[in-house]
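**Q** Just passing along the structure, written as C-alpha cells.
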Amino acid sequence: MSKIVYLFGAGASCECLPMVRNMTDRIIQFISFLELVDNQLSPNEIFDTALDRTKAEYQESMIKDLKQLVESCKNHASIDTYAKKLFVKSRHGELKKLKIGLSAFLLFEQALQNTDSRYDAFYASLLKTSTTELPETIRILSWNYDFQFEIAYMEYSEDYRHWASAHTLNIASKHIRTNNRANAFGIYKLNGTVGLTDGLTRHFTFIDNFKLPVTIETVNQIVYFYTSGLFNSKLYPTISFAWEEDFYDVTTRKSIISQAIEATEDAEVLVIIGYSFPFFNREIDRKLIKSMRDLRKVYVQDINTGGVIQRFKAIRPDFNFPEIEPYKEVEQFLLPDEL
C-alpha cells in the first residue's frame, strides 16, 4: 500500500473557523460575547493567590487587549502580517500577547462551533474495526493551529479530554515535547497549536471538555487561560509561526520539521487540502516537499486548484504535471485511489 501524506491548510477548517481575511470580524464577535451582561465574571472572586486582581478586572483587561489587537490588524493585511511585523521589530512582549489572544479566540470558536463536519467523515472512512485502528501508511502535515482533528476524534473515542485524543492520534507539535511513534499514523503541526506550555511536557488548553455547551464557566476558563499566559512567567504560548526559530526536543534533539521530514520522506502520494502555499511558509514547504524522494502522484483539493498547482510546481519544478490531479469538489476530504 502506498505511503500517503496529507498537507492541510486553513481551508480544511473553513466550515468551522474563519479564514485569515475574516478573522478580525469574528474576534469582534468574540469581544461582544465577553461583554454580554450574562457573561460577566465576578468582581469579588479571584483566580488564585498568585493573581492579585479580580476575575472581572482580568476579563476587562482581556477585552481591552482584544480590541487593541483588532485595531492593529485592521492596519495590516492579516493577523499573520501583523505578527511578522512585531517579530522583525523584536517586540516580543506584544507578539506573545497576540499569540495568547489568538489562542483564547480559537479556544472559544471551537467550543462554540465544535468541528468542521468533513473531519468526522474523514475518520469514518479511515477507522477500521476500532477507534484506535488508524492507517499506518498515512501521515498528516498541518499548518493549522486548531483542534479540529482532536475534537472530531473525540466523537469516536468518547473521551473528551484533549490530551487523550492528541496521544491516540500521535500528534507532534512545535513547542510541545512529544514521544512521537514512528511507523504509525501521525499528525505533525508545523505552526504549533492552540494552548500554553510549561516548556516541559505539559500542554494546557484550559477548556476541559469541548463537548459541553458554552456557558459562563467557559468564559471563566478562557479568561483564566489568557491571564495565566500573560502573567505566569513559566508559561508561554504553543502557537508559533513559520519564520520563528524552530523548537528542538531536548531529549531527541529533533525539531518538528525534522520529525515531519523523517515521517514523510518516503511518501508516494501527496494530498493537498485547503492550502495555498503562502510565501511565509515557502522555505519550510520546500524542505518538506523536496525531501519526498519517492513522490509519484499529487492531488490538489481546492476551489482554486490552478493557483495551488502553479505554486506547487514552483517548489517542485521537476515534478511531472500529468501526475498532479486537480480536485475541485470540497464537500468531503479527498480519499485517493491509492488508499
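The values are calculated or read from the model by the stated rules, or taken from the named source; none is laboratory data. If you're wondering where the values come from, they're calculated on a predicted model, not measured in any experiment. When we count neighbours, we look across all protein chains shown, and the Cβ atoms used for this are built from the backbone with ideal geometry, even at glycine. With ligands, DNA and RNA removed, areas are computed over all heavy atoms of the protein, side chains included. Shrake-Rupley method; radii C 1.70, N 1.55, O 1.52, S 1.80 Å.
**Q** What number of residues within segment 179-199 satisfy the criterion of being more than 25 Å from residue 222 (Cα to Cα) and surrounded by fewer than 22 Cβ atoms within 10 Å (Cβ to Cβ)?
**A** So the answer is 7.
**Q** Right, something else. Give the number of residues within segment 106-125 that are open to solvent by less than 20 Å² (accessible area, probe 1.4 Å), at pLDDT below 95 and of a type outside the set (D, E, K, R).
**A** So the count comes out to 5.
**Q** What number of residues in segment 206-229 are buried (at least 17 other Cβ atoms within 10 Å of the Cβ) and within 25 Å of residue 52 (Cβ to Cβ)?
**A** 14
**Q** Follow-up. Among (1) under 26 Å from residue 197 (Cα atoms); (2) within 18 Å of the chain's Cα centre (by Cα), where does residue 118 come up short?
**A** (1)
**Q** Looking at residue 260, is it more than 20 Å from the chain's Cα centre (by Cα), modelled with pLDDT of 85 or more and either under 18 Å from residue 9 (Cβ atoms) or among the aromatic types (Phe, Trp, Tyr) (or both)?
**A** no
**Q** Being surrounded by fewer than 23 Cβ atoms within 10 Å (Cβ to Cβ) and within 13 Å of residue 3 (Cβ to Cβ) is the filter here; which residues of segment 258-268 pass it?
**A** Residues satisfying the conditions are 262, 265, 266, 268.
**Q** Kindly indicate the residue of segment 126-141 that is touching a residue at least 24 places away in the same chain (Cβ under 8 Å) and of a type in the set (Ser, Thr, Tyr) and also surrounded by the fewest Cβ atoms within 10 Å (Cβ to Cβ) among those meeting that condition.
**A** Across segment 126-141, the extreme among qualifying residues is 132.
**Q** When you scan segment 59-77, do you find a residue that is within 27 Å of residue 285 (Cα to Cα) and open to solvent by 40 Å² or more (accessible area, probe 1.4 Å), even just one?
**A** Yes.
**Q** For segment 23-52, give me the residue count where each residue is modelled with pLDDT under 90 and either farther than 23 Å from residue 210 by Cα or β-branched (Val, Ile, Thr) (or both).
**A** Counting residues in segment 23-52 that are modelled with pLDDT under 90 and either farther than 23 Å from residue 210 by Cα or β-branched (Val, Ile, Thr) (or both) gives 5.
**Q** Of everything in segment 17-56, what is buried (at least 20 other Cβ atoms within 10 Å of the Cβ) and assigned to a loop (DSSP other than H, G, I, E, B)? Give them in sequence order.
**A** Hits for segment 17-56 are 17, 41.
**Q** Output the residue which, of all residues in segment 45-78 that are among the β-branched types (Val, Ile, Thr) and out of contact with any Ser or Thr (no Cβ under 9 Å at 6 or more places or on another chain), is nearest to residue 103 (Cα to Cα).
**A** My answer is 63.
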